[in-house]
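Read the structure below first, then the notes.
The values are calculated or read from the model by the stated rules, or taken from the named source; none is laboratory data. Computed from a prediction, not measured in an experiment: that's the story for all the values here. Counting neighbours? That spans all protein chains shown, and the Cβs are built from the backbone with ideal geometry, glycine included.
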Amino acid sequence: MNASDLLDLSLAQAARLVRTREVSPLELVDACLARIDAVDNRLAAHITVFADEARSVAKAADAMLRAGYDLGPLHGVPVSLKDNVAVRGTRTTAGSKVLEHWLPDHDATVTERLRRAGAILLGKLNMHEFAWGGTSDNPHYGAVRNPWNTERFPAGSSGGSGAAVAARMCYGAIGTDTGGSIRLPSAINGVVGIRPTYGRVSNHGIIPLAWSMDTAGPMTRTVEDCALMFGAIAGHDPKDPTTSRAPTSDYLADLGAGVDGVRIGVVPGYFFHHLQPPVHAAVMSALETLKGLGARIVDVDIDNIHGNISAQLTIESAEPSTYHQRWLREQPQNYGADVRTLLEVGEMLLATHYLQAQRYRTLLRNEFMAAFRKVDVFLCPTLPFTATRVGEMKVVIEHGVEEDMLSAIMQYTGVPSLTGLPSLAVPCGFDPDGLPIGMQIIGKPFDEATLFRVGAAYQGATDFHTKAPRL
């Protein structure tokens, strides 16, 4: 295979070819590194690249296979990490000048589990500073650009992860998601990403944003890839007391089961309100596709869903400001202006605001859990608009009216964030400018397997996930 053919492989395909020794780990690593050299000067997706280390590990991975040692499902496959995920002895900045020289003395659990599954770590990916924002317009390491149109933003905060996967610079990446930071860049960059159930994946060794909502998960080009990578990192971790002891699943087992009889819930008064027309059309078409595959579409009322943006912004302001309180006083000049402002605003919230938001979370979760007696999953847009221009903080969604992008961007992603439910972002179309559109599938607690099943059925009937940006 030539380098272009190698880069077009899915993660699952690459893993299979390595295992049958039709492709070597070093060939995969060299192809990814050449791609980074060719395009990342236009995308700014990386903060650090492990070129020499990755090549050394690739050679070792090949030798192990020749000797009969198979480390696991990701053996020899290059993946990358968002730069708030610790790698022992390697600079981990969280996209900030505050931590520009920090060298962790341990691996994050996610890092450790990827290594254990045989993955080769390729680099650390750019992000919105400390994950507190939705644009990945980073003042310290450069504004990440969208590979579909480099004048557009990649969303955030895992913008580097989304851009790197879409641009074929790695076969999969880890992102983190508090208010939507995996799902938003997945939609905007046309890739797949999962926010797990809160407590399904360990946060040990990951720089926190808001403790009560933080999650980590894979971003890949296909649902199969996402399920494969997710299986390697999911599960209880004694180093993280918030992780659940609920058993994990074989997340690949039901990918071919289809959706005949699956009940898909929609909240018509909210899920399809206030959308750019191409987003509305793409998600409605996705529902029709799934209906044609045998799924049942069920209208559901969630009485208190409209309060989710306010509650999310309250919690996602108060908790980061608590974590950053000392640094904000000691070195405020080392924060970008936008993040510093958000952290200062978080200190002005009253305890009553925070507690009311937490009470609302319980109410909203209870309403969704009751609704799950009628449906198996919910489906809605990931965000109501497609990629805006880099640096813009206003967006026009309908009627020519400009509005604040930060609140608009969380219109749908806040629901799983507040309730702790798992949510899978899947590409479902393009707007007239060729910019990706995504939907999210929301599931029951610890039922990520059903999300992968529905997503795989959809990808089996469509080809949006096979498209690649031209750089």
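Observations on the model:
- Summed over the range 13-48, the residues that are in a helix (DSSP H, G or I) and over 28 Å from T92 (Cβ atoms) give a count of 5.
- Candidates G156, G134, G118, G89: the one that is more than 20 Å from the chain's Cα centre (by Cα), of a type outside the set (K, R) and buried (at least 24 other Cβ atoms within 10 Å of the Cβ) is G118.
- Selected residue [in contact with a Pro (Cβ under 9 Å, 6 or more places away or on another chain) and under 20 Å from I36 (Cβ atoms)] from W132, W148: W148
- Some residue of the range 439-448 being part of a helix (DSSP H, G or I) and on the phi < 0 side of the Ramachandran plot: yes
- Meets criteria (in contact (Cβ under 8 Å) with a residue 40 or more places away in the chain and assigned to a loop (DSSP other than H, G, I, E, B)) for P427: no
- The range 58-86, subset surrounded by fewer than 16 Cβ atoms within 10 Å (Cβ to Cβ) and either touching a strand residue (DSSP E or B) at 6+ places or on another chain (Cβ under 9 Å) or small (G, A, S) (or both), residue nearest to L11 (Cα to Cα): G72
- Against the test of being of a type in the set (A, V, I, L, M), crowded, with 17+ Cβ neighbours inside 10 Å and within 19 Å of Y412 (Cβ to Cβ), the options I264, I297 yield a single qualifying residue, I264.
- Failed item, numbered, when A457 is tested on (1) part of a loop (DSSP other than H, G, I, E, B); (2) more than 16 Å from the chain's Cα centre (by Cα); (3) in contact (Cβ under 8 Å) with a residue 40 or more places away in the chain: (1)
- Members of the range 64-106 found to be in contact with a helix residue (DSSP H, G or I) (Cβ under 7 Å, 6 or more places away or on another chain), of a type outside the set (V, I, T) and within 28 Å of G336 (Cα to Cα), listed by number: S80, L81, K82, N84, A86, A94, G95, S96, K97
- Any chance P422 is under 18 Å from G162 (Cα atoms), modelled with pLDDT of 95 or more and under 18 Å from the mean Cα position of the chain (by Cα): no
- Condition met for A468 (surrounded by 18 or more Cβ atoms within 10 Å (Cβ to Cβ) and either within 26 Å of D40 (Cα to Cα) or under 16 Å from the mean Cα position of the chain (by Cα) (or both)): no
- Test: residue in the range 50-57 that is buried (at least 16 other Cβ atoms within 10 Å of the Cβ) and assigned to a loop (DSSP other than H, G, I, E, B): yes
- Residue within the range 362-379 that is farther than 27 Å from Y458 by Cα, touching a residue at least 12 places away in the same chain (Cβ under 8 Å), aromatic (F, W, Y) and touching a helix residue (DSSP H, G or I) at 6+ places or on another chain (Cβ under 6 Å) present: no
- The residues listed here are L43, L26, L11; of these, the one that is among the aliphatic types (A, V, I, L, M) and surrounded by fewer than 21 Cβ atoms within 10 Å (Cβ to Cβ) is L26.
- Of all residues in the range 272-302 being small (G, A, S) and assigned to a loop (DSSP other than H, G, I, E, B), the one that is nearest to T382 (Cα to Cα): A295
- Filtered by the rule that a residue be at pLDDT below 95 and either at positive phi or among the hydrophobic types (A, V, I, L, M, F, W, C) (or both), the range 251-301 gives F271, F272, H274.
- Residue among T178, T215 that alone is in contact (Cβ under 8 Å) with a residue 60 or more places away in the chain, in contact with a Phe, Trp or Tyr (Cβ under 9 Å, 6 or more places away or on another chain) and crowded, with 24+ Cβ neighbours inside 10 Å: T178
- Enumerated helices (runs of 4 or more DSSP H) restricted to the range 310-423, each holding at least 2 residues that are closer than 30 Å to I297 by Cα and either of a type in the set (A, V, I, L, M) or out of contact with any Cys (no Cβ under 6 Å at 6 or more places or on another chain) (or both): 351-371, 405-409, 414-419
- For the range 267-288, the set of residues classified as surrounded by fewer than 17 Cβ atoms within 10 Å (Cβ to Cβ) and either touching a strand residue (DSSP E or B) at 6+ places or on another chain (Cβ under 6 Å) or among the basic types (K, R) (or both) consists of P268 only.
- Among the residues making up the range 93-109, those that are out of contact with any Phe, Trp or Tyr (no Cβ under 9 Å at 6 or more places or on another chain), surrounded by fewer than 24 Cβ atoms within 10 Å (Cβ to Cβ) and within 21 Å of A216 (Cβ to Cβ) are W102, L103, P104, D105, H106, D107.
- Elements of the type strands (runs of 3 or more DSSP E) sitting completely within the range 148-238 and holding at least 1 residues that are hydroxyl-bearing (S, T, Y): these cover 173-177, 215-220.
- Restricting attention to the range 351-365 and to residues that are crowded, with 18+ Cβ neighbours inside 10 Å and of a type in the set (A, V, I, L, M, F, W, C), the residue that is farthest from N304 (Cα to Cα) turns out to be A357.
- V375 vs. criteria within 20 Å of F272 (Cβ to Cβ) and either aliphatic (A, V, I, L, M) or at pLDDT below 95 (or both): yes
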